[in-house]
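J.: My questions all concern the structure below.
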Amino acid sequence: MDDLIKKAAEDLSGAKNVTALTGAGASIESGIPAFRGKGGLWEKYDPMEVAHIDSFLQDPVKVWNLLIKDMKDVIDQAQPNDCHKGLAKLEDLGKLKTVITQNVDGLHQMAGNTDVIEFHGTFAWQRCMECNTHVETRHVDISEIPPRCDCGGIFRPNVIFFGEMIPQEAHWRSHQVATECDVMLVIGTSGVVQPAAMMPVVAKESGAKIIEINPESTLLTGEISDYLIKGPAGDVMKGIVAQIEKMD
Ligand code: NAD
Ligand code: ZN
C-alpha cells in the first residue's frame, strides 16, 4: 500500500487538473453507513426498495421511519473525516479543483472544498411537496412523522431517490469536469449506481489516469482504474497528502 500511496502522490503532483469522485465509502469513517459493502445498510433492508421514489410516494411514513429519520440523526451529527480533510488540503495545495460526490451529507463543503458537485442532491434541506418551501433538515420538527409544512404538504429531503432524474446541471458539469481532468481519484464508490459510475469511464476515455481508493475491489477495478489503493479512505488520503507535502 505504501508504494501505491507514493505513486499516487507523484501522479497528483504531476497533474494539471485533478477531480475526485466520491461515494458513500468516503463518509463511512464519519459514522454514516454505506448502502453496499460490509456493514452497509443493504444488510438491513434493500435500499433500492426503501429509497425508491415510488416507495416514498406510496408510503412516506414508512420511508421516513425506516430511512430518513435515521439519516437525519446520523448526518446532523457527522463531522468530516481524514478523507474529506485530505481532499480539502489537496485543494489548498492547488492540486484538486472539483469534487463530484454521490453523497448527500455536505461533509466535503464542511471540510473546506469550494467546488462540490452534489450529484444526488443534498440532505441538508427538505422541501415541501406541495408548495416547494425549503427548510433546513436540522430545523425540521420530526415529532410527528411525516413532518409537514405549514401548508400541510409533506416534507421530503432535497435528494434524488432511486428512480428520479439526476439534476441536469450536476450531470452536465460532472461530465465536463470528467472530460477535462488528467487524474481522477475515485474514492469509496462501488461503481454500481449510474450515471455517476460513468464519470470515471468518461475521464478514462478522455485520457485521464484513474486512481481508486477502496478497501474492496469494485466493478471499476482492473477495468477502468489504473490502480487500486486498497484501504480505508481516511488513512489513504492522509498518507497521500503527507507524501505530497514531503515532496514540495
Ligand atoms: P455504495 O454504498 O454502493 O458503496 C460504498 C463503497 O464504499 C463500497 O465499494 C465499499 O467497499 C467502500 N468502502 C467501505 N468502507 C470504506 C472506507 N473506509 N473507505 C473507502 N471506501 C470504503 O456507495 P455508492 O457507490 O456511493 O452508492 C450508493 C448511493 O447511495 C450513493 O450514490 C449515495 O447517493 C447514496 N448514499 C449516500 C450516503 C452519504 O451521503 N454519506 C450514504 C449512503 C448512501
Ligand atoms: Zn408547503
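J.: Rg to Rh ratio, the chain, alpha-carbon atoms and Kirkwood radius?
T.: Looking at the chain, the ratio lands at 0.99.
J.: As I understand it, the value is the acute angle between the Cα axis of helix 168-180 and the longest principal axis of the Cα atoms of the chain; what does it come to in degrees, rounded to 10?
T.: 10
J.: Determine the relative contact order of the chain: mean sequence separation of Cα pairs under 8 Å and six or more apart, normalised by residue count, in whole percent.
T.: Rounded, it is 25 percent for the chain.
J.: Straight-line reach from Lys85: which aspartates and glutamates have a Cα under 13 Å away, not including same-chain ones fewer than 8 places off?
T.: Once the sequence-local aspartates and glutamates are set aside, what remains near Lys85 is Glu29, Asp235.
J.: Along the charge dipole of the chain, which of Thr218, Asn158, Met237 sits closest to the positive end, that is, farthest toward it, with unit charges on the beta carbon of Lys, Arg, Asp and Glu (+1, +1, -1, -1)?
T.: Final value for the positive-end residue is Met237.
J.: With the Cα gyration tensor of region 51-171 in hand, give its eigenvalues times 5 under a square root as the equivalent ellipsoid semi-axes, listed largest first in whole angstrom.
T.: After diagonalising the Cα gyration tensor, the semi-axes are 29, 15, 12 Å.
J.: On to the next question. If you restrict to DSSP beta bridges whose two residues both lie in the chain, what percentage is antiparallel, to the nearest 5?
T.: For the chain, the DSSP antiparallel bridge percentage is about 25.
J.: Okay, next question. Which of the pairs Lys72/Lys204; Lys69/Lys89; Lys72/Lys238; Lys204/Lys246; Lys72/Lys95; Lys97/Lys246 have their Cα atoms more than 25 Å apart in this structure?
T.: Correct reply: Lys72/Lys204; Lys69/Lys89; Lys72/Lys238; Lys204/Lys246; Lys72/Lys95.
J.: When all C-alpha to C-alpha distances in region 105-248 are sorted into bins of 5 Å, what percent of pairs does each bin hold, rounded to whole numbers?
T.: Reading upward from the zero bin: 2, 9, 14, 17, 18, 14, 10, 8, 6, 3, 1, 0.
J.: Roughly how tilted is helix 82-92, in degrees to the nearest 10 and between 0 and 90, from the longest Cα axis of the chain?
T.: The two axes meet at around 60 degrees.
Values in this text are rule-based calculations from the coordinates and carry no lab data. Please read all numbers here as calculations on a predicted model, not as lab measurements. Cβ atoms come from the backbone with ideal geometry, glycine included; neighbour counts cover every protein chain shown.
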